[in-house]
Structures are given as C-alpha cells and as structure tokens.
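Structure, as structure tokens:
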Amino acid sequence: MPDGRVFLVGGGWDEAVADAVYGPFLRAASAKSGDGTAPRVLCVVVDEGDGGEQFARYDGALRKAGECVPVPSLVPVGKRFDVAALSEDVAGVVVCGGLTPAYQEAFAATGASGSGLEALAALIAERGVPYAGFSAGAVVAARDAVVGGWLVDGVAVCPGDAAEDLEEVEVRPGLGLVPFGVDVHAAQWGTLGRLVAVVAGGRLAHGVAIDENTAVEVGSGPLVRVAGLGRAHSVRPAPGGGAVVRSYGDGESFPVS
C-alpha cells in the first residue's frame, strides 16, 4: 500500500456532506502542494460520450468542499489512461465514476509499454499523491477489484441493475492502493450481497462495501476511518464458512487488514 492517503467514496451527490466526503482529500492535496496555492487535482473520467458533463459534476463537488483547481483527464472508452497526465504539479488524483469494467480496462495492461495499473500505482506511491476514488474509482483502487456481475455460479447475489453489464461476478486486477476489495452504492443498489458472496467464496480475504455519500480514508496506520451520511460494511470470512459483516458509521474506524 502506498504512503499517500487513499479516500474511497461510495457514490452519491448530496452537497450537504461535500466537506465530510471530499474535505479530508482536499486538505491532503493542499498539504502535498505545499506552496499555499489551491491544489491541482487531476480528475480521470472514462468518457462514454458525456465526459465533459461528467467532469463538470466532479468539478462542482470538489469546489464545494474546498479551494482547488480540478483538471480533466478524459479517457475514451476502450483506450488507456496516459500516466503522463499525472504531471509534477498534480497534488491529488480523483478517479471518477461510470462503468466499472471500463475503468479497470483503462488502467489495464498496455502490451509492450507495461501495465498502466502498475505505472499509476507506482507514481502515486513514489510521490505520495493522495488518491480519491468515486464509485468505480473506489472499486479499482483495490488490489483485487470486484468490477461487476450479479450471479455467482448462476445464482443471483445482488440486483441485476447493479451488474455493470456483466453476468457472473468478476474480480480483476486493480491498482493495489488498498489491500481489501471494494464495492459501492451498498445500501442504495444492494451490492453488499455481492461482496459477501465473493468473500464467503474465498475470492477475497476482506471486502468493504460503502454506502453513497460516505467515504472511507486509508492511511499508513492500521485503521480505516469512516465519514459521511451512510455506513461502510466490513466483510470478512467467518470461521467454519460464510462471512461476517460489521458496519461502521461517521467517525468510526475499523482495522484495515
């Protein structure tokens, strides 16, 4: 796990909690900037045809939470993220929301030039740049990313509307910024059941499902901190089989591993 702080947002656009959800990330970016100016924040959006409009939403949400200069990095669907976009003047990175498999593919292996996953994670680690993931961006921050699906061996484990255009649940390589798997929109989309199934099936040793308008912060210490309106649900294997779920609200913490 990198030295920089990682902030995972479960989705949602409630302006009333903008500071709680994004404020800690922006303060970390300001500290990284270190020159007293508003931090430049790179916003990576997988562009499904409305990338400019989507960037505008994140621009507004971030500015609502604090002084900053959001900078768009629009990646067309099917293309790869260019790590050169993470220039030296970038003090924070936000990987935004959308179709989760497309975000995973945007950072996936790039043939002879190597792995975008490894390249971006290495840059973040080397520079100590704080990372915020919103929805899909939170999912791909994991070492093992639960990118979608609603069936396990043909049996439904969450609503089909949360499937992300996949049938069977898929776990793919992620950025490795946090050691646990992540699912999002937990209360709103019913995705906690998917994460429980993945953990109970032995595909993850620990998973965290995050409600909308809720963030978890992972630093160099042993605890994950929760902020916002909803809850974060820590899912671990149960002795003898199955899974144990413990839920945490605003201001509470739980072990990262």
Test set (1) on the phi > 0 side of the Ramachandran plot; (2) of a type outside the set (Asp, Glu); (3) in contact (Cβ under 8 Å) with a residue 40 or more places away in the chain - residue 92 fails condition number: (1)
I'd like to verify a number: residues in the stretch 52-75 that are open to solvent by less than 30 Å² (accessible area, probe 1.4 Å) and either at pLDDT below 95 or not in a helix (DSSP H, G or I) (or both), how many? 5
Flagged in the stretch 35-65 as more than 23 Å from residue 104 (Cβ to Cβ) and free of Cβ contacts under 8 Å to residues at least 24 places away in the same chain, in numbering order, are 35, 36, 37, 56, 59, 60, 63
Would you pick out the residues in the stretch 234-257 that are in contact with a Ser or Thr (Cβ under 9 Å, 6 or more places away or on another chain), open to solvent by 20 Å² or more (accessible area, probe 1.4 Å) and in a strand (DSSP E or B)? 244, 245, 246, 247, 248, 255
Taking the stretch 22-41 and keeping only residues that are of a type in the set (A, V, I, L, M), open to solvent by less than 10 Å² (accessible area, probe 1.4 Å) and not in a helix (DSSP H, G or I), one is left with 41
Picking from 78, 11, the residue that is in contact (Cβ under 8 Å) with a residue 24 or more places away in the chain and touching a His at 6+ places or on another chain (Cβ under 6 Å) would be 11
Kindly evaluate residue 98 against the criterion of being part of a loop (DSSP other than H, G, I, E, B), touching a residue at least 40 places away in the same chain (Cβ under 8 Å), over 16 Å from residue 227 (Cα atoms) and within 19 Å of the chain's Cα centre (by Cα). yes
Considering only the stretch 221-233, state which residues are part of a loop (DSSP other than H, G, I, E, B), touching a strand residue (DSSP E or B) at 6+ places or on another chain (Cβ under 8 Å) and more than 17 Å from residue 134 (Cβ to Cβ). 222, 231
Options 78, 49, 97, 12: the member that is on the phi > 0 side of the Ramachandran plot and either in contact with a Ser or Thr (Cβ under 6 Å, 6 or more places away or on another chain) or surrounded by 18 or more Cβ atoms within 10 Å (Cβ to Cβ) (or both): 12
Those residues that are in contact (Cβ under 8 Å) with a residue 40 or more places away in the chain and open to solvent by 20 Å² or more (accessible area, probe 1.4 Å), I need them from the stretch 221-232; list them, please. 229, 231
Filter the stretch 189-220 for residues that are assigned to a loop (DSSP other than H, G, I, E, B) and either touching a helix residue (DSSP H, G or I) at 6+ places or on another chain (Cβ under 8 Å) or open to solvent by less than 10 Å² (accessible area, probe 1.4 Å) (or both) and give the result. 190, 191, 204, 205, 206, 211, 212, 213
If you take just the strands (runs of 3 or more DSSP E) that sit entirely in the stretch 102-188, which of them hold at least 3 residues that are open to solvent by less than 40 Å² (accessible area, probe 1.4 Å) and touching a strand residue (DSSP E or B) at 6+ places or on another chain (Cβ under 6 Å)? 131-134, 144-148, 181-184
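The values are calculated or read from the model by the stated rules, or taken from the named source; none is laboratory data. The structure displayed is predicted, hence computed values, not measured ones. Please note: Cβ atoms are built from the backbone with ideal geometry, for glycine as well, and neighbour counts cover all protein chains shown. What goes into the accessible areas is simple: the full protein's heavy atoms, side chains included, and nothing from ligands, DNA or RNA. Shrake-Rupley method; radii C 1.70, N 1.55, O 1.52, S 1.80 Å.
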